[in-house]
Amino acid sequence: MALQFVPKSSNICEKSLKKFISLVGSVEKLLIVTGAGISTESGIPDYRSKNVGLYARTTQKPLYYHEFMKSIECRQSYWLRHFLSWPTTSQAAPNINHHTLANWESSEQFLWLVTQNIDGLHVKAGSDKVTELHGNWRYVKCTTCGYTETRNAYQEKLAETNPDFQHVRCKEVPNEVTEMPSNIANSFNVPTCPCCGGIMKTDVTFFGETLSTEKLNFAFEKANECGGILTLGSSLAVLPGSRLVHQAHSQNKPIFIVNIGPTCVDHLATMNEVEAEDFLNLAAAAYADSSNITARQSCIDISFPTDEFHVLMVMSAPCDKRGNQCQAFIAISDLTNQVIISFRGTNSGGQLLSEFGDGLEDYIPYTEVDGSNNTVHVGHVNVYFLDAMNQMWEDMVEPTTRNRQNYTYLITGHSLGGAMATLTAFRISFRQFSNKIKVHTFGEPRVGDIVFASYFTDMVPYSFRVVHHSDPIPHLPPLNVDNESAPGMPYHHPREIWYNDDFSSYVLCSDVNGEDWSCSDKLRFWNYGSKGAYRHTHYFNHFVSEYGSMGCKFTSQIRNTFISLFMSIFVLFYV
């Protein structure tokens, strides 16, 4: 019964869990921010989860504060719902989440807990270092004089003034969106304040009501004081909670997010290294031949073993005048509402020659159509990459996105595939097909100029460019170091994740500047050495193309002929 409001989710792999515990454990003075998701196991639904959240189970709109205050009918309906359901919901008990956080308080690592929940379960579990940002439904307060009494005491008054309703019971949780028949609600009596005759309401913040300034200021003081933030069970769609995260992030503090489903601040989270490795499997899978169904599905299943992804389409198309083929695949999980779009990287020496010889430095003005059908100039992009992406868009990507606008898109690619992934993600977001997009690319070259980089960052905030030490391809086309921010000149979009040679550590580079001189940009051509090509073809210690062709199970030896050609072209380009 208690699990009826818990949304479906994927299992967490042991490797991810261990890495997460290690990262969180390294932070001193941790501020925890909780939302409705941690109380679903106590039988209290959240608002936004698919199928089980309040908004998914009713067409009614939330009750706003001004409506409650102005309309006796609204107050009657509101208090009738609460009266009928309180005998059940008042018995809601803390679950393991609440008890664990209460026990954690004694740790020196624990700074404070800020909850957006109004159910009072943190306090009931024994938490003392807690701020209930939106109040607590276990109290009732006069909106005029501030007189306060317990919700249980007010329940007795409701029962006394409404004897005809005493034997009616409701198992639904009290909320602002459950519809009540007006002919019943209109006969329900609502006691006023015993001190001044004012309007009584639960001591919680309604939609449209101003938050307590004292509580809000205290929460932001804790955000300034903390060493990092851990959010649990919240989409952070409500402004105060997300603002706490933004404030901590602006001070370069780590952000850790645990939630079923995307949040509004996913792009601010400390980089999920296990997720990056999962995306590499998807990028590698794009190298499998179109007929190699087993290898492609194996890579997907290794990353998402319980999500029931199936490959919808594998497409190859000529992406240059020499007839070299670009390839991509799309996989769908209707169970978790996710779409994978993965683009293959450069697949042959001939294609590599085409990329370098047929326009790698040619940047053209890029106009895109937004969701309102307006044509907007969004900077300059590389003509080769744009043409390649367009080959895949009309017959493969667009039909998929039009039918799945509420899905989360996982978009990736290695090398050339990374450039195509970036342009595809941008178009999906800009045309408003979806704003739930995650991008990880590997060894991605410079796709556009600084204007495009700015547009891309705004439209696709959850995006990471993984760079393997001195991989030279992310530095092509070359940056104009004397005027790197000039429109029309090659410029990376943020955010680079710069790994060392053996992938044992990384630097989280600027989330504002695509060209961060404290990261891989500080390595010049003479620093690349003979291993530059090796580093481009190898990510997370896998030879990417061979790794994908083998089902992401092992890596074969490097192909020396392709690497030799690669290095020869790179040297010619720079000298």
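Go through region 152-191 and count every residue that is at pLDDT 90 or above, loosely packed, with under 15 Cβ neighbours inside 10 Å and of a type in the set (V, I, T).
Going through region 152-191 one residue at a time, the tally reaches 1.
So is N136 over 27 Å from E28 (Cβ atoms) and in a helix (DSSP H, G or I) or not?
no
Are there any strands (runs of 3 or more DSSP E) wholly within region 459-511 with 1 or more residues that are of a type in the set (D, E, K, R) and open to solvent by 50 Å² or more (accessible area, probe 1.4 Å), and if so which?
In region 459-511, there are no strands (runs of 3 or more DSSP E) which contain 1 or more residues that are of a type in the set (D, E, K, R) and open to solvent by 50 Å² or more (accessible area, probe 1.4 Å).
Take the residues in region 311-333 that are among the small types (G, A, S) and open to solvent by 10 Å² or more (accessible area, probe 1.4 Å), then tell me which one is farthest from F464 (Cα to Cα).
Selected residue: G323.
For region 230-248, which positions are open to solvent by less than 30 Å² (accessible area, probe 1.4 Å) and farther than 17 Å from G37 by Cα?
L244, V245, A248
Are there any pairs with C-beta distances below 8 angstrom linking a residue in region 145-165 that is of a type in the set (K, R) to a residue that is assigned to a helix (DSSP H, G or I), with the two at least 6 apart or on different chains, and if so which?
R151/W86
For the structure I just gave you, tell me whether E308 is acidic (D, E), modelled with pLDDT under 85, open to solvent by 60 Å² or more (accessible area, probe 1.4 Å) and outside any helix (DSSP H, G or I).
No, not satisfied.
Could you please find all residues in region 270-298 being among the hydrophobic types (A, V, I, L, M, F, W, C) and open to solvent by 50 Å² or more (accessible area, probe 1.4 Å)?
I293 - this is the single residue of region 270-298 that is among the hydrophobic types (A, V, I, L, M, F, W, C) and open to solvent by 50 Å² or more (accessible area, probe 1.4 Å).
Which ones in region 256-298 are at pLDDT below 90, assigned to a helix (DSSP H, G or I) and within 27 Å of W393 (Cβ to Cβ)?
Those that are at pLDDT below 90, assigned to a helix (DSSP H, G or I) and within 27 Å of W393 (Cβ to Cβ): D266, H267, E275.
(1) in contact with a strand residue (DSSP E or B) (Cβ under 9 Å, 6 or more places away or on another chain); (2) touching a residue at least 40 places away in the same chain (Cβ under 8 Å): which one isn't true of I72, the others all being true?
So the condition that I72 fails would be (1).
Given the conditions (1) within 27 Å of the chain's Cα centre (by Cα); (2) crowded, with 19+ Cβ neighbours inside 10 Å; (3) of a type outside the set (A, V, I, L, M), which single one is not true for T537?
(1)
Applying the selection to region 114-144, what residues are open to solvent by less than 30 Å² (accessible area, probe 1.4 Å) and without any contact (Cβ under 8 Å) to a residue 60 or more places away in the chain?
G120, A125, S127, V130, C142
Sort out which residues of region 311-324 are in contact (Cβ under 8 Å) with a residue 24 or more places away in the chain, not in a loop (DSSP other than H, G, I, E, B) and not hydroxyl-bearing (S, T, Y), and write them in order of number.
Within region 311-324, L312, M313, V314, M315, A317, P318 meet the criteria.
Could you please let me know if T100 is farther than 24 Å from N224 by Cβ, buried (at least 18 other Cβ atoms within 10 Å of the Cβ), modelled with pLDDT of 85 or more and of a type in the set (S, T, N, Q)?
No: the conditions fail for T100.
Exactly one of (1) outside any helix (DSSP H, G or I); (2) open to solvent by 50 Å² or more (accessible area, probe 1.4 Å) is unmet by D301. Its number?
With respect to (1) outside any helix (DSSP H, G or I); (2) open to solvent by 50 Å² or more (accessible area, probe 1.4 Å), D301 is out only on (1).
Among residues belonging to region 85-117 that are in contact with a Ser or Thr (Cβ under 8 Å, 6 or more places away or on another chain) and part of a loop (DSSP other than H, G, I, E, B), point out the one that is nearest to F220 (Cα to Cα).
Here the residue is Q116.
Does region 395-430 hold any residues that are in a loop (DSSP other than H, G, I, E, B) and more than 19 Å from the chain's Cα centre (by Cα), and which are they?
Hits for region 395-430 are N403, S415.
I need the full set of residues from region 26-35 which are in contact with a helix residue (DSSP H, G or I) (Cβ under 9 Å, 6 or more places away or on another chain) and open to solvent by 10 Å² or more (accessible area, probe 1.4 Å), in order please.
Answer for region 26-35, where residues must be in contact with a helix residue (DSSP H, G or I) (Cβ under 9 Å, 6 or more places away or on another chain) and open to solvent by 10 Å² or more (accessible area, probe 1.4 Å): just K29.
The values are calculated or read from the model by the stated rules, or taken from the named source; none is laboratory data. Keep in mind that what you see is a predicted model, and the values were worked out from it rather than measured. When we count neighbours, we look across all protein chains shown, and the Cβ atoms used for this are built from the backbone with ideal geometry, even at glycine. Each accessible area value is taken on the protein alone, full model and side chains, heavy atoms only, with ligands, DNA and RNA left out. Shrake-Rupley method; radii C 1.70, N 1.55, O 1.52, S 1.80 Å.
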